[in-house]
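Chemist: Sharing a structure below in structure tokens format, with a few things to ask.
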Amino acid sequence: MATRPWSFPASTMPVLVTIMFLWSQGLEVSWWLGLMALVNIVLVHAAGNVWSDYFDYRKGVDAADTYGVRILTDKQFTPKEVLALSITLQVLAVAMGLQMVWLTGITLLWFGLAGIALSLLYPPLKYAAMGDLVIMACYALLPMLGTTFICSGNIVSEVLWLAVPVGSITVAILHANNTRDIETDGRAKIRTFAMLTGRRFAIGMYVFEIILPYLWLAAITLLGLVSPWTLLTFITLPIALANCKKMFSYHKDGLEAIAGLDEATAKLQLAFSLTLVIGLIIKALIS
């Protein structure tokens, strides 16, 4: 409960997509190191979730009347226990990361240091309306580029074409959360991107972040930058549109309409990325 496992598609899918992208490009892939990267990013993500919840509770962002994880607000665990869990997960993540550096090369160390730093600094950056940028870096750009190095021994920048759609949906998970929490976040005297733009723009921004991946994949497919098989992701478009409909209903139905939209967006991430992975596998098998 504390680590919010429903959110793990946001971290695991970028790594999985990257591994399959490398394979679809005909590159030699270290599957064992890819598995290590997958486990490691789950540890980093879990640690970051717990770390963020600890600071949200201490800052007063999470209270008895707010949505989301309630392990601290309902007194299921003490702040010290939650902090200890986060530190333990961070230590495990760093230990595994250092092992991967030893197995691959010093280049990976800089990706790891950047990821850990952004994870630790995420709470204050989120409070200063920079959370969306941090999420794009931590759950798209850094892990996807880093995974190319882990699995192939080289940084394959072409994977960034796929980082845009995958990262956009992940940012939408946070944005759905922040849009829902505009009032309670304001009470806690923090600033999120959704607060700065206002509810009406925040609703439109969520819809943009959800629809962009489909438009982006269609465009880069037409340009010949990725295989047409990646368009299998359009199978998930009805799920995306259903999420957009929920966000639009916020005007009429209030907070209850989007109370679970962050979790629904994580499910969209899982469906979108898995169909993208299937498309990449088909491309690898027939080429």
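Chemist: Would you check which residues across the stretch 216-254 are aliphatic (A, V, I, L, M) and within 18 Å of residue 277 (Cα to Cα) and list them?
Modeler: Passing the criteria: 217, 218, 220, 225, 226, 231, 232, 235, 237, 239, 240.
Chemist: Check whether at least one residue in the stretch 219-232 is within 20 Å of the chain's Cα centre (by Cα), farther than 13 Å from residue 166 by Cα and surrounded by fewer than 17 Cβ atoms within 10 Å (Cβ to Cβ), and report yes or no.
Modeler: There is no residue in the stretch 219-232 that is within 20 Å of the chain's Cα centre (by Cα), farther than 13 Å from residue 166 by Cα and surrounded by fewer than 17 Cβ atoms within 10 Å (Cβ to Cβ).
Chemist: Could you check the stretch 103-132 and list, in sequence order, the residues that are aromatic (Phe, Trp, Tyr) and either surrounded by 20 or more Cβ atoms within 10 Å (Cβ to Cβ) or free of Cβ contacts under 8 Å to residues at least 40 places away in the same chain (or both)?
Modeler: Scanning the stretch 103-132 gives 110, 111, 122.
Chemist: While we're on this one: Return the residues of the stretch 51-78 that are modelled with pLDDT of 80 or more and either among the small types (Gly, Ala, Ser) or assigned to a helix (DSSP H, G or I) (or both); say none if nothing qualifies.
Modeler: If the condition is that a residue be modelled with pLDDT of 80 or more and either among the small types (Gly, Ala, Ser) or assigned to a helix (DSSP H, G or I) (or both), then 51, 52, 53, 54 are the ones that fit.
Chemist: Further question on the same structure: Look at the stretch 271-287 and say how many of its residues are of a type in the set (A, V, I, L, M, F, W, C) and free of Cβ contacts under 8 Å to residues at least 60 places away in the same chain.
Modeler: 5
Chemist: Now for a different question. Whether any residue in the stretch 239-249 is within 22 Å of the chain's Cα centre (by Cα) and of a type in the set (S, T, N, Q) is what I want to check.
Modeler: Yes, the stretch 239-249 contains at least one residue that is within 22 Å of the chain's Cα centre (by Cα) and of a type in the set (S, T, N, Q).
Chemist: Follow-up question, since we're still on this one. What are the residues in the stretch 155-189 that are without any contact (Cβ under 8 Å) to a residue 24 or more places away in the chain and within 25 Å of residue 26 (Cβ to Cβ), if any?
Modeler: 157, 160
Chemist: Under 9 Å by Cβ, and 6 or more places apart or on different chains, what pairs join a residue from the stretch 133-152 that is under 16 Å from residue 19 (Cβ atoms) with one that is acidic (Asp, Glu)?
Modeler: 148/158; 151/28; 152/28
Chemist: Go through (1) closer than 22 Å to residue 39 by Cβ; (2) more than 16 Å from the chain's Cα centre (by Cα); (3) small (Gly, Ala, Ser) one by one and return the number of the condition residue 119 breaks.
Modeler: Here residue 119 meets the rest and fails (2).
Chemist: Residue by residue through the stretch 190-240, note down the ones that are in contact (Cβ under 8 Å) with a residue 60 or more places away in the chain, over 20 Å from residue 267 (Cα atoms) and of a type outside the set (Gly, Ala, Ser).
Modeler: 190, 191, 192, 193, 195, 196, 225, 226
Chemist: Next up: Give me the residue from the stretch 219-247 that is small (Gly, Ala, Ser) and in contact with a helix residue (DSSP H, G or I) (Cβ under 7 Å, 6 or more places away or on another chain) and, out of that set, modelled with the highest pLDDT.
Modeler: 240
The values are calculated or read from the model by the stated rules, or taken from the named source; none is laboratory data. Here the structure is a predicted model, which is why all the values come from computation and not from measurement. As a convention, Cβ positions derive from the backbone with ideal geometry for all residues, glycine included, and neighbour counts pool all protein chains shown.
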